[in-house]
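Before anything else, here's the structure in question.
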Amino acid sequence: AGYIGYDAEPTTDAAPGIWTLRDAEFYQRKAQWPLPTFDPASITGLQAWYDASDASTLYDATTGGSLVAADGGVARWEDKSGNDRHATQGTSGSRPLRKASVQNSLDALRFDGSDDVLSVPSSTATFKFLHSTEATYFFVGKFGSTADPNAVFYLFNTRGTGSTGLEPFYDDRTSSGNNEAIRTFARGSGTNALDNQSANGFAPANVVGLVSDVIDFSSATAAGRSTLRYNGGSPQTNNTDTASVDTGNSSTDLFIGGRSDGSSVLDGDICEFIIYNTALSDTDREAVEDYLIEKWGIT
């Protein structure tokens, strides 16, 4: 439809990447075409950003080296946040593989469930915001290589056994009554500061999906300390722990895809992993979720 004397802004939601000529002409006249691509760095507090679809961030050596070809081992996964918190693995046999066109024609890193893990040294970066103040993380990945893995897989970990830090993990242990759940656990001041476990069936196995968690240790309620979502859906706020948090630095490195002791290594894929040091507002959280869901073709 045309308009006389009125430049109408499009009000309908076009499918991703699909616009009518009238829509395009409107934005061209406002010098806003092509439409801008969302950038996670546009939100304040970005601390680390690992994007497996960006081949320019994947190297075959912990320093220097060459870009990794398809099916090659990744020794260094460079941080796109600008903070240079690059994740590395010095042992060649413990490096995840770069797998091409895994999800929505984009590449991912494949972890073997045995010893593949990447880490960021705590000596060069502190991660106390992940267990003592505010944080938000977004994790796009696939848990397991079978429909029912009956195992525990760590998304990431900054906590040694019995020590300060944060450890979100996927829990599918039939023996403990858990089935496709996500649990975010944090320890501080010698006791549990956070233990938010989702309902069973929260994150299906062997499917690429998005886990997000807004963490706020200053919350007036225990439930408000952690808000888990899967694919931007209904919030899971089941934490009851209220112990004082530990304001000291985490005692271990940041491990991606496994624990600091080398156990519970992810059997599956990591597509993208983003961390902020703030409890993002709903508006900002939804912006990041929308970006990741559209980019990775998550349904």
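Among the candidates L210, L228, which residue alone is under 21 Å from R159 (Cα atoms) and assigned to a strand (DSSP E or B)?
Only one candidate qualifies: L228.
Now for a different question. List every residue pair whose Cβ atoms lie under 8 Å apart, where the two residues are 6 or more positions apart in sequence or sit on different chains, the first residue falls within the range 288-299 and is more than 13 Å from D51 (Cβ to Cβ), and the second residue, located anywhere, is of a type in the set (F, W, Y) and buried (at least 19 other Cβ atoms within 10 Å of the Cβ).
Matching pairs, first to second residue: E289/F138.
For residues in the range 270-284 being open to solvent by less than 10 Å² (accessible area, probe 1.4 Å) and in contact with a Ser or Thr (Cβ under 9 Å, 6 or more places away or on another chain), which is farthest from N231 (Cα to Cα)?
Out of the qualifying residues, it is Y276.
What are the residue pairs meeting all of these: first residue in the range 157-173, first residue at positive phi, second residue open to solvent by less than 10 Å² (accessible area, probe 1.4 Å), Cβ atoms under 6 Å, and 6 or more apart or on different chains?
Once the first residue is at positive phi and sits in the range 157-173, its partners that are open to solvent by less than 10 Å² (accessible area, probe 1.4 Å) give G165/H131; G165/T158.
Residues checked against (1) without any contact (Cβ under 8 Å) to a residue 24 or more places away in the chain; (2) open to solvent by less than 50 Å² (accessible area, probe 1.4 Å); (3) among the aliphatic types (A, V, I, L, M):
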site	(1), (2), (3)
E180	no, yes, no
R187	no, no, no
G201	yes, yes, no
V214	no, yes, yes
S219	yes, yes, no
A222	yes, yes, yes
N231	no, yes, no
D246	no, yes, no
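Quick one: count up the residues across the range 139-168 that are in contact with a Leu (Cβ under 6 Å, 6 or more places away or on another chain) and within 18 Å of S198 (Cα to Cα).
5
Do you know which of the residues in the range 15-49 that are open to solvent by 40 Å² or more (accessible area, probe 1.4 Å) and in contact with a helix residue (DSSP H, G or I) (Cβ under 7 Å, 6 or more places away or on another chain) is modelled with the lowest pLDDT?
Restricting to residues being open to solvent by 40 Å² or more (accessible area, probe 1.4 Å) and in contact with a helix residue (DSSP H, G or I) (Cβ under 7 Å, 6 or more places away or on another chain), the top hit is P16.
Condition first: under 15 Å from the mean Cα position of the chain (by Cα) and either of a type outside the set (D, E, K, R) or over 15 Å from T237 (Cβ atoms) (or both). Now tell me which residues in the range 174-206 satisfy that. Even if it seems obvious, please write down each step before you answer.
Just the residues of the range 174-206 that are under 15 Å from the mean Cα position of the chain (by Cα), to begin with: 182-184, 203.
The answer is I182, T184, A203.
For R259, state whether it is under 20 Å from the mean Cα position of the chain (by Cα), closer than 26 Å to H86 by Cβ and open to solvent by 20 Å² or more (accessible area, probe 1.4 Å). If you could, list the steps in order and put the result at the bottom.
On the way: under 20 Å from the mean Cα position of the chain (by Cα): yes; closer than 26 Å to H86 by Cβ: yes; open to solvent by 20 Å² or more (accessible area, probe 1.4 Å): yes.
Yes, satisfied.
Among the residues of the range 115-162, which ones are among the charged types (D, E, K, R) and within 14 Å of the chain's Cα centre (by Cα)?
Once the filter is applied, which keeps residues that are among the charged types (D, E, K, R) and within 14 Å of the chain's Cα centre (by Cα), the range 115-162 yields only K142.
Now, a different point. Identify, by number, the condition in (1) over 23 Å from Y276 (Cβ atoms); (2) surrounded by fewer than 21 Cβ atoms within 10 Å (Cβ to Cβ); (3) in contact (Cβ under 8 Å) with a residue 12 or more places away in the chain that Q197 doesn't meet.
Failed condition: (1).
The values are calculated or read from the model by the stated rules, or taken from the named source; none is laboratory data. All values reported here derive from a predicted model rather than from experimental measurement. Cβ: placed from backbone, ideal geometry, glycine included. Neighbour counts: every protein chain shown. The protein model used for the area step is the full one, side chains on, heavy atoms only, and it has no ligands, DNA or RNA in it. Shrake-Rupley method; radii C 1.70, N 1.55, O 1.52, S 1.80 Å.
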